[in-house]
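The values are calculated or read from the model by the stated rules, or taken from the named source; none is laboratory data. What you see is a predicted model; the values in this text were computed from it and never measured. Cβ atoms come from the backbone with ideal geometry, glycine included; neighbour counts cover every protein chain shown.
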Amino acid sequence: MSEIVLEKVTKRFGRVKAVDGVSFRAQPGKFVVLLGPSGWGKSTLLRLVAGLEDVSEGRILIDGRDVTRLTPDKRRVSMVFQSYALFPHLSTEENIVFGLKVRRMPEEERRKRLAKVAEVVGLADLLDRKPQQLSGGQRQRVALARAIIAENDICLMDEPLSNLDAQLRHGMRVEIRELQQRLGMTVVYVTHDQVEAMSMADRVVLIREGRIEQEGSPEELYARPATLFAARFIG
Ligand code: ADP
Ligand code: MG
């Protein structure tokens, strides 16, 4: 299990401050949700942790190690994107093991992991299909499988359910949460949906204009919103 610490992290795009002095800690094995309206720096925050963007100021630590200047492959962090980012010409199996192949993992180890992960996410019977032959929920499972097969202790998820219809979304919330607990992963999960945040999180970090407005357990935020914005947004 892994801990993530952000120390006064700022990210500028030209004159836009997308992330403004954010400090927080995601404790090992916890499910932390970054919640806030769109355009207020949530995706940028995740991409900074993954190493897909450079930090302008501040530090990022994973298990006490300063990873601020490390490339994504050195951080041992998986990421699930809203768009799924599957390769259309590759089968489910090929999509899932793609990253392992790139890392030149031996075939035997790849097979072992694939069998386990396909079972866990319920794709064992669909390994030959291409993405267009899968439902939205199944595609999302492929994206999840690809993230967890790396066996990283940290998984970052950027609005992974927002392309699914309401009913499916509800089921997938439960699945993701169970998976996270079973594997003991530290998850940072981005959403603009307060119901999703309140139902999934161990800890909610409410983001407003690139800053932390309030953080706490779902119960704390609900019972004691610190500001009018928090009260309105949490409902
Ligand atoms: P959210 O995920 O909360 O919707 P984002 O992190 O995507 O917000 O964006 C936060 C702000 O940063 C927005 O104003 C957005 O336009 C800006 N931004 C994000 N990525 C870039 C980029 N690569 N170049 C310039 N501006 C960006
Ligand atoms: Mg976003």
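Please verify whether segment 79-86 includes one or more residues that are within 27 Å of Val33 (Cβ to Cβ) and of a type in the set (Val, Ile, Thr). Before you say what the answer is, go through the steps one by one.
Keep residues of segment 79-86 that are within 27 Å of Val33 (Cβ to Cβ), which gives 79-86.
Restricting the remaining residues to those that are of a type in the set (Val, Ile, Thr) gives 80.
Yes, segment 79-86 contains at least one residue that is within 27 Å of Val33 (Cβ to Cβ) and of a type in the set (Val, Ile, Thr).
Kindly check whether there is at least one residue in segment 81-89 that is in a helix (DSSP H, G or I) and either at pLDDT 95 or above or not small (Gly, Ala, Ser) (or both).
Within segment 81-89, the subset in a helix (DSSP H, G or I) is none.
Checked against the condition, which is being in a helix (DSSP H, G or I) and either at pLDDT 95 or above or not small (Gly, Ala, Ser) (or both), segment 81-89 yields no hits at all.
Go through segment 179-201 and count every residue that is within 16 Å of ligand 1 (Cβ to nearest atom) and basic (Lys, Arg). Give the derivation first.
So the first thing to find is which residues in segment 179-201 are within 16 Å of ligand 1 (Cβ to nearest atom), and the list is 188-194, 196-197.
Now narrow it down to the ones that are basic (Lys, Arg): none.
Here the count works out to 0.
Which of the residues that make up segment 10-43 are under 25 Å from Met198 (Cβ atoms) and free of Cβ contacts under 8 Å to residues at least 60 places away in the same chain?
The answer is Arg25, Gly39.
Which residues, counting only those in segment 59-75, are in a loop (DSSP other than H, G, I, E, B) and either touching a Gly at 6+ places or on another chain (Cβ under 7 Å) or not polar (S, T, N, Q) (or both)? Quick ask: steps written out before the conclusion?
From segment 59-75, those in a loop (DSSP other than H, G, I, E, B) are 63-64, 67-71, 75; that's our starting set.
Matches in segment 59-75: Asp63, Gly64, Val67, Arg69, Leu70, Thr71, Arg75.
So which residues in segment 176-235 are in contact with a Lys or Arg (Cβ under 7 Å, 6 or more places away or on another chain) and aromatic (Phe, Trp, Tyr)?
Phe229 - this is the single residue of segment 176-235 that is in contact with a Lys or Arg (Cβ under 7 Å, 6 or more places away or on another chain) and aromatic (Phe, Trp, Tyr).
Out of everything in segment 106-164 that is of a type in the set (Gly, Ala, Ser) and touching a strand residue (DSSP E or B) at 6+ places or on another chain (Cβ under 6 Å), what residue ends up being farthest from Lys42 (Cα to Cα)? Give the steps one after another, and end with the answer.
Step one: filter segment 106-164 for residues of a type in the set (Gly, Ala, Ser), giving 115, 118, 122, 124, 135-137, 143, 145, 147, 150, 162.
Checking which are touching a strand residue (DSSP E or B) at 6+ places or on another chain (Cβ under 6 Å) leaves us with 143, 147, 150.
Values: Ala143: 20, Ala147: 19, Ala150: 24 Å.
The selected residue is Ala150.
Identify the residue in segment 1-41 that is basic (Lys, Arg) and part of a loop (DSSP other than H, G, I, E, B) and, among all such residues, is nearest to the chain's Cα centre (by Cα).
Restricting attention to segment 1-41, the residues satisfying the condition of being basic (Lys, Arg) are 8, 11-12, 15, 17, 25, 30.
In the following step, the residues that additionally are part of a loop (DSSP other than H, G, I, E, B) were identified as 15, 30.
Values: Arg15: 27, Lys30: 12 Å.
Checking each candidate, the answer is Lys30.
Would a scan of segment 84-102 turn up a residue that is away from ligand 2 (no atom under 16 Å from the Cβ), of a type in the set (Asp, Glu), surrounded by 12 or more Cβ atoms within 10 Å (Cβ to Cβ) and more than 30 Å from Gln194 (Cβ to Cβ)? Full working, then the answer.
First, pick out the residues of segment 84-102 that are away from ligand 2 (no atom under 16 Å from the Cβ): 86-102.
Subsequent filtering for residues that are of a type in the set (Asp, Glu) retains 93-94.
Among the residues that remain, those that are also surrounded by 12 or more Cβ atoms within 10 Å (Cβ to Cβ) are: 93-94.
Cutting the leftovers down to more than 30 Å from Gln194 (Cβ to Cβ) gives us 93-94.
Yes, segment 84-102 contains at least one residue that is away from ligand 2 (no atom under 16 Å from the Cβ), of a type in the set (Asp, Glu), surrounded by 12 or more Cβ atoms within 10 Å (Cβ to Cβ) and more than 30 Å from Gln194 (Cβ to Cβ).
Being among the aliphatic types (A, V, I, L, M) and within 16 Å of ligand 2 (Cβ to nearest atom) is the filter here, so list the residues in segment 52-74 that pass it.
First, pick out the residues of segment 52-74 that are among the aliphatic types (A, V, I, L, M): 52, 55, 60-62, 67, 70.
Matches in segment 52-74: Leu52 only.
From the list Glu209, Glu175, which residue is of a type outside the set (S, T, N, Q) and surrounded by fewer than 16 Cβ atoms within 10 Å (Cβ to Cβ)? Quick ask: steps written out before the conclusion?
Details: Glu175 fails: surrounded by fewer than 16 Cβ atoms within 10 Å (Cβ to Cβ).
After applying the criteria, what remains is Glu209.
Against the condition within 16 Å of ligand 1 (Cβ to nearest atom), without any contact (Cβ under 8 Å) to a residue 12 or more places away in the chain and under 20 Å from Met157 (Cα atoms), how does Gly51 come out, does it pass?
Values: within 16 Å of ligand 1 (Cβ to nearest atom): yes; without any contact (Cβ under 8 Å) to a residue 12 or more places away in the chain: no; under 20 Å from Met157 (Cα atoms): yes.
It is false that Gly51 is within 16 Å of ligand 1 (Cβ to nearest atom), without any contact (Cβ under 8 Å) to a residue 12 or more places away in the chain and under 20 Å from Met157 (Cα atoms).
Hey, can you tell me all the residues within segment 116-141 that are in a helix (DSSP H, G or I) and either aromatic (Phe, Trp, Tyr) or closer than 15 Å to Leu179 by Cα (or both)?
Filtering segment 116-141 down to residues in a helix (DSSP H, G or I) leaves 116-121, 124-126, 131-133, 136-141.
Matches in segment 116-141: Lys116, Val117, Ala118, Glu119, Val120, Val121, Gln140, Arg141.
Condition check: of a type in the set (D, E, K, R), within 12 Å of ligand 1 (Cβ to nearest atom) and loosely packed, with under 15 Cβ neighbours inside 10 Å. Does Arg15 satisfy that? I'd like the intermediate steps shown before the answer.
Values: of a type in the set (D, E, K, R): yes; within 12 Å of ligand 1 (Cβ to nearest atom): yes; loosely packed, with under 15 Cβ neighbours inside 10 Å: yes.
When the stated conditions are applied, Arg15 passes them.
Condition first: in a strand (DSSP E or B) and within 14 Å of ligand 2 (Cβ to nearest atom). Can you find one or more residues in segment 42-51 that meet it?
Applying the first criterion (in a strand (DSSP E or B)) to segment 42-51 yields none.
There is no residue in segment 42-51 that is in a strand (DSSP E or B) and within 14 Å of ligand 2 (Cβ to nearest atom).
If only one of Ser56, Ser38, Ser23 is within 15 Å of ligand 1 (Cβ to nearest atom), under 14 Å from Ile207 (Cα atoms) and not acidic (Asp, Glu), which one is it? Spell out the reasoning first.
On the way: Ser56 fails: under 14 Å from Ile207 (Cα atoms); Ser23 fails: within 15 Å of ligand 1 (Cβ to nearest atom).
The match here is Ser38.
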